[in-house]
Amino acid sequence: MKLHYEVPGDDLSLAGRASTEVKRALGRLGIDPVEIKRVAVAMYEAEINMVIHAGGGTAEADISPERVTVVLADHGPGIADLDLAMQEGYSTAPESVREMGFGAGMGLPNIKRNADDLHIDTALGLGTTVTIVIKLKTG
Amino acid sequence: MDGATFHSVTLDPAKCTGCTTCIRYCPTEAIRVRKGRASIMDDRCIDCGECIRVCPHSAKKALSDPLAALERFPLRVAIPAPTLYGQFDEKFTVDRILGGLLALGFSDVVEVAWAAELVAQATADWMAAAEGEGPWISSACPAVVKLLQVRFPSLLDKLVPVLSPMEAAARIVKERLYPGRSDVGVFFISPCAAKVTVSRYPQGARVSAVDGVIGIKDVYLALRNVLPSVEEKPLGHAGARGIAWAHIDGESDAVGDPRGISVSGIADVIGVFEALENGKLRNVAFIEALACPAGCVGGPLTVENPYIARARIRARERRIALLEQRPSPVSAEGLELLWEEGVSARPALRLDPDMLKAMIMMEEMEQVLSSLPGLDCGSCGAPSCRAFAEDVARGQALITDCIFKLRENVRKLAEQLIDMERMQPPGLDRE
């Protein structure tokens, strides 16, 4: 089944709503709490990234007994150097965002650590699509 | 009922008007209004007492013991929560308040605030030796532990496995002060509804040493009336560090790790746990989370306003800090304060044990939700349109329980009636 969310790009205080909703949905489905946490951490990071860097976008969670696939798509500036962005501590977030405790350069590495599969499709000036797969042992 | 479904919060059906105020405030969406009365879903209730606090008709109450319960025991020991001290003006000293409890019929008194100091030390020791990653979550608030069991099962392994100050105090009474005696009854004087539940179905222990829980509000008047005439004796042993557990920050300060977060009020507690589950909290070692506003002083069984009570407790802390702490009434050396067993998840929010069935139900839920007005009006008896959609998917409500859906159906029916009225039997239709 698929769950679809719009992620507004103008309010950082609202960022994380989609991942919270997905988390609650997975709880209703009886998914293992450890796996829910992996989805939550990975999706939350990606959602925050989308708000900070790309002005929001859409989030979709496709849930099957075997896996949870989260696709976050935006029409933001794209990622110039993906290898660099994957390094811990590297960040292009502005100071105003860092002051709120975000933008520590841990986002993408953290997603990778929690995902079984991570695919990033990015084009400068066009946008980024992040696909996160978390396999479920419950299924 | 068992440990997973027993809860101390109950409804007085004679007082409930079915007004739907409580359903909106329940953090686990455990209340529905059915047939003009609120009803609590046993497996979801975490005993936080929010509904007791918000009910405009005082129809919600906790199943605590009356003062008359003392009669069951020849020797009865009061273990008052430090919050009790905040209910009275500072002109009444802690010694006087404890003396007042003796005047009400208790044979002895041991302060939970004093036991809290031991618990703080045990917590600090356990965290210093703990393997694995924090932040560790205090298990002192029973409603918070239940909240984790129902809503945040992935965080259960972060709980500090140390007994609560109430349980520690009760064990000191039974194992150290009066060992081997069966005629001793230990009564917690409680600000908290959830403590009633954990005195019967303890968290982290197989059997609780507490025999009864009496609400502060149920002893308040009697105590208030005897206080002026009580003769002061040196009964208080707790220092400022222990007394401060009555309010938010008290426990963190007593545990002493500067990398702590203190949070009170169930909505903000949930916010912190969401952040923790999302991996957002870094460089935090300890989380003191208390379900009630401002901490235990905000408990549903208290009398005084939480913030007035906190100010009084703080004033007492300042005064007590200047005095030399009295020696302990009994040695607690070697007392086991660690949990005997863990707590497990309560899948009360799961739609169905079979995941495929749960998915089908969730698809229905999403479909129903998209057809609802989204006003969260509460007329259906559920706290929100989303919760109502879930009830429909679970087969616990009918779509026409939504007053808007019902109206839609009535309109369709009316249109059909008008259409039918226009039809003529073929034999009469002359046109």
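The values are calculated or read from the model by the stated rules, or taken from the named source; none is laboratory data. Note that the structure is predicted; figures quoted are calculated from it, not measured. Positions of Cβ are generated from backbone atoms using ideal geometry, with glycine treated the same way; all protein chains shown enter the neighbour counts. In case anyone asks, the SASA skips ligands and DNA or RNA and just uses the protein heavy atoms, side chains included. Shrake-Rupley method; radii C 1.70, N 1.55, O 1.52, S 1.80 Å.
Figures for the structure shown
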item	result
Farthest toward positive dipole pole in region B:9-62 [+1 Lys/Arg, -1 Asp/Glu at C-beta], among B:Ile40, B:Leu11, B:His57	B:His57
Rounded percent of accessible protein surface that carbon and sulfur make up, the protein assembly as shown, 1.4 Å probe	51
Length-normalised contact order of chain A in % [C-alpha pairs under 8 Å, at least 6 apart]	28
Bins of 5 Å from zero: percent of alpha-carbon pairs in region B:1-143	2, 8, 13, 13, 12, 15, 16, 12, 7, 2, 0
Accessible surface ranking that places the most exposed of B:Lys35, B:Lys405 first, with a 1.4 angstrom probe	B:Lys35, B:Lys405
Solvent-accessible area per residue for region A:1-54 (1.4 angstrom probe, square angstrom)	36
Rg/Rh (Cα only; Kirkwood hydrodynamic radius) as it applies to the protein assembly as shown	1.05
Longest to shortest principal axis, alpha-carbon extents of region B:9-62, angstrom	23, 20, 16
Whole-number accessible area per residue in Å² for region B:162-205, which is evaluated in the context of all protein chains at 1.4 Å	27
Cα Rg, Dmax (largest Cα-Cα span) when computed across region A:2-135, Å	13.9, 41
Rounded, prolate or oblate (a/c below 1.5 giving rounded, otherwise prolate when a/b exceeds b/c) for region B:67-322 by Cα gyration tensor	prolate
Average accessible area per residue (Å²) across region B:211-310 - probe 1.4 Å, nucleic acids and ligands excluded	38
Cα long-axis angle, helix B:306-322 against chain B (0 to 90 degrees, to the nearest 10)	20
Solvent-accessible surface (1.4 angstrom probe) belonging to B:Asp257, in square angstrom, nearest 10	40
Heavy-atom SASA rank of B:Val410, A:Val22, B:Val284 (probe 1.4 Å, accessible area, largest first)	B:Val410, B:Val284, A:Val22
Between helix B:112-129 and chain B: long-axis angle, C-alpha atoms, 0 to 90°, nearest 10	80
From the C-alpha gyration tensor of region B:194-343, square roots of 5λ in Å	28, 20, 19
Helix axis angle, B:94-103 relative to chain B longest principal axis, alpha carbon, degrees	80
In order through region B:357-374: 3J(HN,Hα) via Karplus (6.51 cos²θ - 1.76 cosθ + 1.60), integer Hz, x for Gly, Pro	4, 4, 5, 4, 5, 5, 5, 4, 4, 5, 5, 4, 4, 5, 8, 8, x, x
With DNA, RNA and ligands ignored, accessible area of B:Cys380 (1.4 Å probe; Å², nearest 10)	30
Computed Kirkwood radius, in angstrom, where 1/r is averaged over Cα pairs of chain B	23.6
Heavy-atom accessible area order for B:Ile403, B:Ile261, largest first, 1.4 Å probe	B:Ile403, B:Ile261
Net charge dipole size for region B:67-322 [Lys, Arg +1 and Asp, Glu -1 on Cβ; Debye, nearest 20]	340
B:Ala414/B:Ser379 FRET efficiency (R0 22 Å; Cβ-Cβ; nearest 0.05)	0.60
Simple Cβ-charge dipole of region B:99-152, Lys/Arg +1 and Asp/Glu -1, about Cα centre, in debye nearest 20	340
B versus A: buried accessible surface, summed, Å² (probe 1.4 Å, to nearest 100)	2300
Under 11 Å, Cβ to Cβ, from B:Glu50 - net charge with Lys/Arg +1 and Asp/Glu -1	+2
Listed residue pairs exceeding 30 Å between alpha carbons, taken from A:Lys135/B:Lys146; B:Lys61/B:Lys233; B:Lys146/B:Lys233; A:Lys23/B:Lys412	B:Lys61/B:Lys233; B:Lys146/B:Lys233; A:Lys23/B:Lys412
Region B:118-219, relative contact order in percent, only Cα pairs under 8 angstrom and at least six apart counted	24
Positions from region B:114-156 whose accessible area shrinks by 20 Å² or more when the full protein complex is built, not the chain alone, probe 1.4 Å	B:Arg151, B:Pro153, B:Ser154
For chain A, size of Cβ-based charge dipole, Lys and Arg +1, Asp and Glu -1, in debye	600
Positions from region A:14-28 whose accessible area shrinks by 50 Å² or more when the full protein complex is built, not the chain alone, probe 1.4 Å	A:Lys23, A:Arg24, A:Arg28
Members of region B:332-373 that become less accessible by 50 Å² or more once partner protein chains are added (1.4 angstrom probe, chain alone as reference)	B:Met355, B:Met359, B:Met362
Per-residue ³J(HN,Hα) for region B:68-80, Karplus 6.51 cos²θ - 1.76 cosθ + 1.60, θ = phi - 60°, Hz, x for Gly and Pro	5, 4, 4, 4, 5, 10, x, 10, 10, 10, 8, 10, x
